[in-house]
Amino acid sequence: MCTGDRDTPGAEEAASPGAGPLGGDSRCGIPARDSGTLTWRVCARVDEEAVSFALELVNEGPSPLTVTVHLAYVRADAFHPCPGAAEPRAVTVAAGRTLVTDPADCAVPRVDLYAYQGVGWLLDDGQEPLRDPDHYELSPAAHVLPGEVTWRPDVPPAG
């Protein structure tokens with residue numbers, strides 16, 4: 001569900017590598033571009049209680065875009081579905097705007113001594129995310145230790 005998504009202007013600023021639209025200790029992967037005017041990336045955030053993931057989609061075009069997206073995460077070298085968004089879903093990004101999916105849809109309890117990474121897909125019709133592993137994007141990996149998080153690659157948020 002997209003309730004709670006943010007729709008914000010400033011697409012150029014929001015699409016810089018490493019900027020954390022999730023706030024706190026968050027990082028985003030390098031933006032990927034579809035064949036048109038959409039740029040998107042996978043973001044992750046670590047706080048004291050949870051690790052959460054979201055997609056940031058930037059529509060640089062003059063018309064709204066509806067696309068099908070899917071988000072999951074990796075922990076212990078395995079893909080896991082998001083608790084609140086286990087299936088692909090359609091989202092609409094307004095013209096010249098940025099949409100960030102709700103990180104509450106993909107939040108899991110923090111367990112130290114694991115590495116976490118968000119995995120996102122921008123899907124074509126009929127494409128199944130976990131059966132098409134060559135077409136996904138990743139967030140930076142968060143290596144979670146007691147009292148600290150190390151990001152790989154460590155691209156600090158813009159600010």
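A few comments on the model shown:
- Checking each residue of region 90-101 against the condition of being among the hydroxyl-bearing types (Ser, Thr, Tyr), touching an Asp or Glu at 6+ places or on another chain (Cβ under 9 Å), more than 26 Å from Gly147 (Cα to Cα) and part of a strand (DSSP E or B) gives at least one match.
- Residues (part of a loop (DSSP other than H, G, I, E, B) and over 18 Å from Asp102 (Cβ atoms)) located in region 51-87: Glu60, Gly61, Pro62, Ser63, Pro64, Ala76, Asp77
- Screening Pro156 with (1) at pLDDT 95 or above; (2) part of a loop (DSSP other than H, G, I, E, B); (3) of a type outside the set (Lys, Arg) gives one miss only, at (1).
- Residue within region 5-12 that is touching a strand residue (DSSP E or B) at 6+ places or on another chain (Cβ under 8 Å) and either at pLDDT 95 or above or under 21 Å from Gln117 (Cα atoms) (or both) present: yes
- Positions within region 45-57 being open to solvent by less than 50 Å² (accessible area, probe 1.4 Å) and out of contact with any Phe, Trp or Tyr (no Cβ under 7 Å at 6 or more places or on another chain), in sequence order: Val46, Ala50, Ser52, Ala54
- Of the residues in region 90-99, at least one is among the charged types (D, E, K, R), at pLDDT 95 or above and open to solvent by 60 Å² or more (accessible area, probe 1.4 Å).
- Hits in region 104-127 (condition: assigned to a helix (DSSP H, G or I) and open to solvent by 40 Å² or more (accessible area, probe 1.4 Å)): Ala104
- Here is the figure for region 60-78: residues that are open to solvent by 40 Å² or more (accessible area, probe 1.4 Å), out of contact with any Pro (no Cβ under 9 Å at 6 or more places or on another chain) and in contact (Cβ under 8 Å) with a residue 40 or more places away in the chain total 2.
- So Val42, is it under 13 Å from Tyr73 (Cβ atoms), crowded, with 20+ Cβ neighbours inside 10 Å and more than 12 Å from the chain's Cα centre (by Cα): no
- The residue pairs whose first member lies in region 25-45 and is without any contact (Cβ under 8 Å) to a residue 60 or more places away in the chain and part of a strand (DSSP E or B), whose second member is charged (D, E, K, R) and open to solvent by less than 10 Å² (accessible area, probe 1.4 Å), and whose beta carbons are closer than 9 Å, counting only pairs six or more residues apart or on different chains, are Thr39/Glu56.
The values are calculated or read from the model by the stated rules, or taken from the named source; none is laboratory data. Source: prediction; values computed, not measured. Please note: Cβ atoms are built from the backbone with ideal geometry, for glycine as well, and neighbour counts cover all protein chains shown. These area figures cover heavy atoms from the full protein model, side chains too; ligands, DNA and RNA do not enter into them. Shrake-Rupley method; radii C 1.70, N 1.55, O 1.52, S 1.80 Å.
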